[in-house]
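The values are calculated or read from the model by the stated rules, or taken from the named source; none is laboratory data. As the structure is a prediction and not an experimental result, all values here were calculated from the model. For neighbour counting, all protein chains shown are included, and Cβ atoms are generated from backbone atoms with ideal geometry for every residue, glycine included. Surface areas here come from the heavy atoms of the whole protein model, side chains and all, with no ligands, DNA or RNA. Shrake-Rupley method; radii C 1.70, N 1.55, O 1.52, S 1.80 Å.
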Amino acid sequence: MQKKNNPIADPHEIIQWTRRYARSRTIYFLVQWCLIVFVICIIGLVASLTQQAYMAGNKVLFYTSVMFLVIAFFFFIWISISQWTAELVWQVTQWFYGKEGFVSPDEKKRSKALPRWVIVLIGLMLVYHILAALLISFRYLSLQYLQPFSAGALVPVLCILIYYQNLGFWAWLWPILYGLHALLLLCGVPISFPAPWYLLNIMIPIFGYGFIAILIGHIYSRYALWKLKSITRQGLEEEYSNEKQNEEQKDEK
Amino acid sequence: MSELDRLIHEPARLRILTILAGVEATDFNFLLNTLGLTKGNLSSHIDRLEKAGYVKVEKSFNGRVPHTEFQITPQGREALENYWKQLDEIRNLNPPTDDKQR
């Protein structure tokens, strides 16, 4: 189909930009991610407390903090599946995108749920990070290597989730940046925070790269919507003109 | 050569169907916001597409707020694809002339 001789917009472009826009509405990811990071922060703090209790030989504090670790784990599970979370995500998404209307990106995403093995993998990733917290508590793992240790599980799981949910290009930035950060640390590049700011070595990558990816997705969705509108409205000038004439005629009457 | 589907050939309806072909479902507000038509005009076009069986309308509630979703039907998708094929056939019959020959 020759675009130059086409009196109306290229349909493939309209379809393409519609899909790009639909896949880049990332604010709901941001809400979910903030909740996940919140819980991870709690787990990190409790793990740190557990370590201090272990080093101080305080058995009461140690077992109390282990118990809080378990509670944090179940709290994370609840956040992941509760209706309250779904409602919160919906409300925030509507606040951002409500005026633009609803759009559901892809048949692939909507018609097929995540395979069971992927859900199990997400659970295992969580256990992996709880294990990391315990290893740090017992000083088998240094906090400064927590990020590369985390990347070992988080990067493949993110890639699988992105693939199965058919997300836009922006989502791939997250595992790429996170994995790159881990590689740089393992190669000895001095990008880590020293004590007592070790926790920032995990907090900044785990929150920062996710935030960057989501923000880029959201910005791209603004561009995609602008592009879609400009392409779609080409050739509708006569339609708008007729509507205006009809309205003027109604006003005259 | 078969005639172009006049229902789809109308510019606004063509765009409505093309947008729907790119997503699984969307609602009235998205089409209104994207196309810039008036509510009455858009309703009229969607109504005609629904009656022709090209668009499926699903009504539900988000809490107390009514929510209407539009999806292109398999029939609508096929009709759209046939429309573009027919348009290509027409163009191939009358290729653009070279500027030098004008």
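Could you figure out which of (1) in contact (Cβ under 8 Å) with a residue 40 or more places away in the chain; (2) closer than 28 Å to residue A:197 by Cα; (3) surrounded by 12 or more Cβ atoms within 10 Å (Cβ to Cβ) isn't true of residue A:139?
Single failed check for residue A:139: (3).
Would you call residue A:64 open to solvent by 30 Å² or more (accessible area, probe 1.4 Å) and hydroxyl-bearing (Ser, Thr, Tyr)?
Taking the combined requirement at face value, the residue satisfies it.
I need the full set of residues from the stretch B:29-59 which are of a type in the set (Phe, Trp, Tyr) and at the interface with chain A (Cβ under 7 Å from one of its Cβ atoms), in order please.
B:30 - this is the single residue of the stretch B:29-59 that is of a type in the set (Phe, Trp, Tyr) and at the interface with chain A (Cβ under 7 Å from one of its Cβ atoms).
Between a residue in the stretch A:224-251 that is within 8 Å of another protein chain (Cβ to nearest Cβ) and over 15 Å from residue B:31 (Cα atoms) and any residue that is open to solvent by less than 100 Å² (accessible area, probe 1.4 Å) and modelled with pLDDT under 85, which pairs come within a Cβ distance under 6 Å, given they are 6 or more apart or on different chains?
These pairs meet every condition: A:235/A:8.
Have a look at B:10, B:50 and point out the one that is farther than 21 Å from residue A:227 by Cβ and out of contact with any helix residue (DSSP H, G or I) (no Cβ under 8 Å at 6 or more places or on another chain).
B:50
Take residue B:77 and tell me if it is more than 10 Å from chain A (Cβ to nearest Cβ) and of a type in the set (Lys, Arg).
It is true that residue B:77 is more than 10 Å from chain A (Cβ to nearest Cβ) and of a type in the set (Lys, Arg).
How many residues does the stretch A:159-178 contain that are open to solvent by 20 Å² or more (accessible area, probe 1.4 Å) and in a helix (DSSP H, G or I)?
12
Would you check if residue B:38 is buried (at least 17 other Cβ atoms within 10 Å of the Cβ) and not basic (Lys, Arg)?
Here the answer is no, as residue B:38 does not meet what is asked.
When the residues of the stretch A:56-110 are filtered to those that are assigned to a loop (DSSP other than H, G, I, E, B) and more than 20 Å from residue B:68 (Cα to Cα), which remaining residue is nearest to the other protein chains (Cβ to nearest Cβ)?
Within the stretch A:56-110, the match that is nearest to the other protein chains (Cβ to nearest Cβ) is A:82.
How many residues are open to solvent by 20 Å² or more (accessible area, probe 1.4 Å) and not charged (D, E, K, R) when one looks only at the stretch A:18-30?
The qualifying residues number 3.
Only one of A:129, A:181 is open to solvent by less than 30 Å² (accessible area, probe 1.4 Å) and either modelled with pLDDT under 85 or in a helix (DSSP H, G or I) (or both). Can you tell me which?
A:181
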